[in-house]
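The values are calculated or read from the model by the stated rules, or taken from the named source; none is laboratory data. What you see is a predicted model; the values in this text were computed from it and never measured. A quick note on method: Cβ atoms are made from the backbone with ideal geometry, for glycine too, and the neighbour counts reach across all protein chains shown. Side chains included, ligands, DNA and RNA excluded: accessible areas come from the protein's heavy atoms. Shrake-Rupley method; radii C 1.70, N 1.55, O 1.52, S 1.80 Å.
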Amino acid sequence: MESGFEPRILICTECNQEFVFTVAAQEYFAERGYSEDPKRCKTCHTHFKKDQRKSTFKRGTAQDKSGYPDQP
Ligand SMILES: [Zn+2]
């Protein structure tokens, strides 16, 4: 199960905390052809998504470029 990815430490642009760009997240990004790293930690990303959903964001339509895999 070697994917060639390794977990990486990134800095969140919202809270300036370090967070792990996990192998699973990197695979998710690669699958969708995203070349940029995520800018937010999972906590801030979740808040960001909620904000989007509250306003004009509609599920399943817009392309979610900052997405993390939805985890249970
Ligand atoms: Zn953050």
| remark: To the nearest Å², the heavy-atom accessible area per residue of the range 8-54 with 1.4 Å probe amounts to 68 Å²
| Just in the range 1-49: which trypsin sites (Lys or Arg not before Pro) are loop by DSSP and have at most 13 other Cβ atoms within 10 Å? | 32
| request: Would you please classify the overall shape of the range 8-54 from the alpha carbon gyration tensor, given that a ≥ b ≥ c denote the square roots of the eigenvalues, rounded means a/c under 1.5, and beyond that prolate means a/b larger than b/c while oblate covers the rest? | output: oblate
| query | When only C-alpha pairs under 8 Å and at least 6 residues apart count, what is the relative contact order of the range 8-54, in percent? | reply | 38 percent
| request: Figure the gain on full extension for residue 8 and residue 32 (residue separation times 0.36 nm, minus the Cα-Cα span) and round it to one decimal in nm. | output: 6.8 nm
